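The structure under discussion appears below in the form of structure tokens.
All of the numbers you see were taken from the coordinates with simple rules; none came from a lab. For clarity, every value in this text was computed on a predicted model and none was experimentally measured. Neighbour counts run over all protein chains shown; Cβ positions are idealised from the backbone, glycine included.
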């Protein structure tokens, strides 16, 4: 089987509206060809065209192979934008989905601001600078996140194994948005699947607003409000089995029109009939059966090639019988979450790690032997830099704010395997304050700080037997498996292979998965296991333990075989009362 859709050269990539949950019809996509330079302090080292939003290190960018940005170099982007008088009659806002990792932005020669987190979105009001006719936008980028402790995710200057090729520059969509001077902002959607209500908050500066909610083509609710309104209706609850969404439109007195949608659900935890603490969906025990999803692509690194390509991949995971994806150490474009919302995939969202250089003994060797360390020891976790800790908290808050409205997100993951971990109990309280509606997996993997400080017992099990330890918290297997198999002609490096257990043939791999799922994993569900996240969706460079190859050309595990195993897990979980 082959995933069919790829990026089509010549098109404007990612030309769909970047914000399906906050969409205006008055917008302009700025993706496409930009003038591009790599500069040092004294000279221009490269000049040409780049295809935004692909990083220069990627094949889809159009930049020659082997591009590498050094710490003393910067990137320069430039393009012109033609605007009409009618477009700029109100407010004009310039949006960036993500730029790795720090940038300054100029419009018509005037600096409008900067941003320093490489994974979250940002914007600038440029109303006072836009003009009818030709406009010039310029972006200067530096990227030292892999060297200065900033948010870097799985990128490494010393790539290999579970660490991947670093990238830089603009890697998500760029667009303009036009609205009246009095416009709708700060949209916040809080559903309650227990009470079947949804609270909508939006701000038009005190002006009157109207919300119209539709179920398909039928209008089911219409309300007037100023700052917030709570909608009550016999809503169909959202779940992976029934991913029901409701469209709505907010209009204000100034004529601003904002299109959005919501799903009604609740994520929580509660004891089952036997007293074991379980994760719940809409008030009932639910087994979250999923995959670790790194979100790396052979031709785009962190940027998937097209909307169609990611829909193909998500639909394949659903077809295989998974109901959850753990988005690992990365924040995707908002359209990715939209497709999870509408297809019915729960998302466990990692925050992006930072800090200094991690010691193998501290984040891998000792934890595998069962040693956990207190995380106020900043030196142990490469978190000595106080500014770096502040930056992590800023990025964490920005992540929660950006993704709060996403229907599919059911759980936040602040730290993974001790990578830059610090003060996890306090960070958990911060996240709970920002968003009390979701569960928090404070320290996925190890260096657990204990019951009463974190919400889950979160295990990563690759080399030791699967088990459910006694714990008053829900127990989740947040990583396991990682079985690898080379697919000739579809590997990053035929001489290097990383995986936790290696197989030579598809038959051997499928037989091993059957034993893993049916003999080792399935019995743990009745013992209290609330979730299982298999490693992983796709190969990434020489880490070849994916169900799909890195180039997405081959599905290594037959869909029917994987579906049969997952159906067995879900059938077992259905017995929980």
Neighbour-count order for 107, 171, fewest beta carbons within 10 angstrom listed first: 107, 171
Footprinting exposure proxy for 287, 225, 119 (fewest neighbouring C-beta atoms within 10 Å first): 225, 287, 119
Three-way shape label, the stretch 424-577, alpha-carbon gyration tensor, a/c 1.5: prolate
FRET E, pair residue 520, residue 11, Förster distance 51 Å, beta-carbon r, rounded to 0.05: 0.65
Among beta bridges that DSSP assigns inside the stretch 267-573, antiparallel share in %, nearest 5: 20
Separation of the residue 563 and residue 64 label points, Cα + 7 Å toward Cβ, nm: 4.8
Antiparallel DSSP beta bridges within the stretch 434-577, as percent of all bridges there, nearest 5: 10
Spacing of the two label points (7 Å from each Cα toward its C-beta) at residue 86 and residue 197, in nm: 4.3
The stretch 110-126 and the stretch 270-298: distance between their alpha carbon centers, rounded to Å: 35
Segment residue 49-residue 249, length gained on full extension (0.36 nm per residue, minus Cα span): 68.1 nm
Label assignment, log10 I(q)/I(0) by the Debye sum over Cα atoms at q = 0.06, 0.08 Å⁻¹ derived from the structure, set (1) -0.40, -0.70; (2) -0.30, -0.54; (3) -0.35, -0.60: (2)
Stretchable slack from residue 234 to residue 432, in nm (0.36 nm times residue separation minus alpha-carbon distance): 68.4 nm
q = 0.16, 0.18 Å⁻¹: log10 I(q)/I(0) that the Debye formula gives for the stretch 31-179, counting C-alpha atoms only: -0.86, -1.06
Rounded FRET efficiency, nearest 0.05, which uses the C-beta distance separating residue 507 from residue 404 and R0 of 45 Å: 0.50
Label point 7 Å beyond Cα of residue 40 along Cβ direction - residues of the stretch 72-92 with amide nitrogen under 12 Å: 72-74
Point-to-point label distance, residue 364-residue 274, nm (Cα→Cβ direction, 7 Å offset): 3.6
Modelled FRET efficiency - R0 22 Å, residue 575 with residue 318, Cβ distances, 0.05 increments: 0.45
Gyration tensor verdict on the stretch 267-573 (Cα atoms; rounded if a/c is under 1.5, prolate if a/b is larger than b/c, oblate otherwise): rounded
Descending Cα extents along the principal axes, the stretch 185-262, whole Å: 40, 24, 18
DSSP beta bridges in the chain [antiparallel fraction, %, rounded to 5]: 70
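How would you rank 385-396, 475-486, 293-304, highest first, on the average number of other Cβ atoms within 10 Å across their residues?
Working: 385-396: 17.0, 475-486: 23.4, 293-304: 24.9.
Descending mean neighbour count gives 293-304, 475-486, 385-396.
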Packing-based order for 127-135, 56-64, using average beta carbon neighbours within 10 Å, highest first: 56-64, 127-135
Sequence ranges 197-204, 38-45, 334-341, ranked by mean other-Cβ count within 10 angstrom, highest first: 334-341, 197-204, 38-45
Prolate/oblate/rounded label for the stretch 120-225 (Cα gyration tensor, a/c 1.5): oblate
